[in-house]
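These notes are about the structure you will find just below.
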Amino acid sequence: MLDIKFIVENPSEVKDNLKKRFKGDKVWMVDELLSDYETFKKFKKQSDDLRSKRNKLSEEINKLKKGKKDAKKQIKESSKIPSELKTLEEDLNLINEEMRKKLVQLPNMLHESVPIGKDESKNPEIKKVGKPKKIAFELKNHGELAESLNVANFDAGRKAAGQGFNYIYGELAQLDNALQRYGVDFLIKKGFKLVVPPMLLNKKTLSGAVNFGDFEDVVYKIENEDLYLIGTAEHPLAAMLQNETLNKKDLPLKLCAVTPCFRKEIGSRGVDTKGLFRMHQFNKVEQLMLTTPENSFKQLEELEKLTEEFFKSLEIPFRVIEICSGDLGDKMAKQYDIEAWFPRKKVYREVTSAGNCTDYQARKLNIRFTDGNDRRFVHILNNTMVATSRAMVTILENFQQKDGSVKIPKVLHKYLNFKEIKPKK
């Protein structure tokens, strides 16, 4: 969330930021926050004055008692202060809660370079990498192909758990595992530390990582427990350091994890949703970086290049787009997406996102750093290394052969005991 002091000092900039994000309907919150903050300051001054008065009265009472003089008047006056302080503290807590409710609804400040646009149709293409192959035969959709190769059973998944769940096995299950292992190995070589995080978070912790009101309908809650299944490893990775103060010399801190992810939404129904592209459960290798404000946007570019290098090594054509202001998530100040080439429909579709949350997430989680003098909030960046389900779809489509077999990208061969998935007799 934003710093209330930043909003008080820069109300016009915050309002302008809302308009650039096409959230002009929230401009009123800025004015209300300014009013709330004045009320907060008034209560805070009254509280501080009362405490000061209590201290002075205590000194007077002690002095009078030592001099064996009457202190009844001062004792009576002092006895009223605790109840007055309690009332003021309740008022302070209420106004603090009111401010927080509004603060979590205001989006992060956009980086000056973010393109202005209302929706995803305005996301500019930065570059294309790799050339789509010319395919002289009709491609099967990936779900049909996987079933024909006897490496997936989508009907069994629906019967066992419902729409958006499936069984994969044999070579496809091995391919999923190979992508996870390659993703982790790739990141460890780049200086990332592998973490095995909890797959469940309580509401307080999850609310620190996301705006819980926006995310509540996305995640699965455990009945009768204050626990939610994670939608991405980003959240437990960031939460690991909540309320911590890091040493500046240890930054940037690079963390990664491979976890199953659980999400309620799967998008529109259709031929390509019977398959692997949109699921309630999938595996993902995630990156998280904590760094200083001075370096965060430079390191966002480095994070993006890491994922470009990864998909280039898989020999999958892709393009990089920058997310425009109206399509950008509230916590992001700037974001890039990689969209891989899906030859059957001849379209690019999103497979990874790399974004800089600046101190927006760290402020809610209270993660700071110090150089021995100053204490400031870290900047948090996150990036998908690979969501294996979507990567498998791109491999099934881009490496599909006329006879129905699927070749495996060379970089994955060392993790497998086969180089192609062949039709079964």
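FYI, it's all coordinate maths here, none of it is from the lab. Quick caveat: nothing in here was measured; it's all calculated off a predicted structure. Neighbour counts are summed over all protein chains in view; Cβ atoms, including those assigned to glycine, are modelled from backbone coordinates with ideal geometry.
Using Cα atoms only, what is the angle between the long axis of helix 170-189 and the major principal axis of the chain, expressed in degrees (0 to 90) to the nearest 10?
50
What percentages make up the Cα-Cα pair-distance distribution of the range 299-399 when the bins are 5 Å wide from 0?
Once binned at 5 Å, the Cα pair distances of the range 299-399 give 2, 12, 20, 19, 15, 12, 8, 5, 3, 2, 1, 0.
For the chain, what is the per residue volume of the convex hull drawn over the alpha-carbon atoms, in cubic angstrom?
Normalising the Cα hull of the chain by residue number yields 173 Å³.
Positive end of the charge dipole of the chain (Lys, Arg +1 and Asp, Glu -1 on Cβ, about the Cα centre): tell me which of TYR169, ILE323, GLN287 has its Cα farthest that way.
Result: GLN287.
Can you tell me the order of 248-261, 189-202, 392-405, 69-82 when each peptide is scored by its average per-residue count of other Cβ atoms within 10 angstrom, highest first?
So the order, starting with the most tightly packed, is 392-405, 248-261, 189-202, 69-82.
Take HIS142, HIS413 and order them by how many other Cβ atoms sit within 10 Å, fewest up front.
Working: HIS142 25, HIS413 12.
Sorted ascending by nearby Cβ count, the order is HIS413, HIS142.
Set the bar at 23 Å for Cα to Cα. Now go through LYS221/LYS284; LYS221/LYS334; LYS42/LYS86; LYS53/LYS86; LYS122/LYS221 and name every pair that lies beyond it.
The answer is LYS221/LYS334; LYS122/LYS221.
In a Gaussian network model over the chain where Cα atoms closer than 10 Å are linked, find which of ASP49, ASP36, ASP119 has the largest mean-square fluctuation.
Among ASP49, ASP36, ASP119, the largest GNM mean-square fluctuation belongs to ASP49.
Specify which residue in the list PHE262, ASN17, SER52 is farthest towards the positive end of the charge dipole of the chain, using unit charges on the beta carbon of Lys, Arg (+1) and Asp, Glu (-1), about the Cα centre.
The residue sitting farthest along the positive end of the dipole is SER52.
For the range 227-335, just list the percent of Cα-Cα distances falling in each 5 Å bin from zero outward, please.
So the P(r) values, bin by bin, are 2, 9, 13, 18, 24, 18, 10, 4, 2, 1, 0.
To the nearest 20 Debye, how big is the dipole of the chain about its Cα centre, given +1 on the beta carbon of each Lys and Arg and -1 on that of each Asp and Glu?
Using only the charged Cβ atoms, the result is roughly 720 debye.
At 7 Å along the Cα-to-beta-carbon direction for both PHE215 and THR245, put a label point, then send me their distance in nm to one decimal.
If labels sit at PHE215 and THR245, their model points lie 2.6 nm apart.
For GLU138, what charge total do you get from the other residues with a beta carbon under 11 Å from its beta carbon, if Lys and Arg give +1 and Asp and Glu give -1? Before the final figure, lay out each step's value.
Working: positive: LYS140, ARG344, LYS402; negative: none.
For residues surrounding GLU138, the net value is +3.
Counting other beta carbons within 10 Å of each residue's own, what order do SER121, SER313, SER296 fall into, fewest first? Walk me through the intermediate numbers first.
On the way: SER121 9, SER313 14, SER296 23.
Neighbour counts put them in this order, fewest first: SER121, SER313, SER296.
Find how much the distance from LYS346 to ARG375 grows on full extension, using 0.36 nm per residue of separation minus their present alpha carbon separation; answer in nm with one decimal.
5.4 nm
In vacuo Debye scattering of the range 113-181, one point per C-alpha: log10 I(q)/I(0) at q = 0.19, 0.23, 0.24 Å⁻¹?
-0.90, -0.98, -1.02
Give me P(r) over the range 159-254, computed from all C-alpha to C-alpha distances, binned every 10 Å, as integer percentages.
12, 31, 34, 19, 3, 0
Given the -39500 (n - 2.57) contribution per DSSP H run of 4+ residues, what per-residue ellipticity at 222 nm results for the chain, rounded to the nearest 500 deg cm²/dmol? Kindly include the intermediate steps, with their values, before the conclusion.
Working: 14 runs with 174 residues, N = 425.
So the helix-based figure for the chain works out to -13000 deg cm²/dmol.
Largest first and in whole Å, what are the equivalent-ellipsoid semi-axes of the range 4-103 based on the Cα gyration tensor, each being the root of 5 times an eigenvalue?
After diagonalising the Cα gyration tensor, the semi-axes are 45, 12, 7 Å.
First measure r as the distance between the Cβ atoms of ALA160 and PHE22, then evaluate 1/(1 + (r/R0)^6) with R0 = 51 Å and state the FRET efficiency to the nearest 0.05.
For R0 = 51 Å, the calculated efficiency reads 0.75.
Rank the residues GLU301, GLU308, GLU138 as a footprinting-exposure proxy: fewest other Cβ atoms within 10 Å of their Cβ go first.
Exposure proxy ranking, most exposed first: GLU138, GLU301, GLU308.
Which Cα, out of LEU94, VAL219, TYR336, lies furthest along the positive dipole direction of the chain (beta carbon charges, K/R +1, D/E -1)?
So the residue we want is LEU94.
Counting Lys and Arg as +1 and Asp and Glu as -1, each charge on the Cβ, what is the dipole of the range 1-109 about the Cα centre in debye, to the nearest 20?
Details: 28 positive and 21 negative charges, 163 e Å.
The calculation lands at about 780 debye.
Identify the chymotrypsin sites (Phe, Trp or Tyr not before Pro) of the range 76-173 meeting these criteria: DSSP loop state and at most 10 other C-beta atoms within 10 Å of the C-beta.
For chymotrypsin sites (Phe, Trp or Tyr not before Pro) across the range 76-173 that sit outside H, G, I, E and B with at most 10 neighbouring Cβ atoms in 10 Å, the list reads PHE137.
Relative contact order for the chain: what percent, with Cα pairs under 8 Å and sequence separation of 6 or more?
Dividing the mean separation by the residue count of the chain yields 20 percent.
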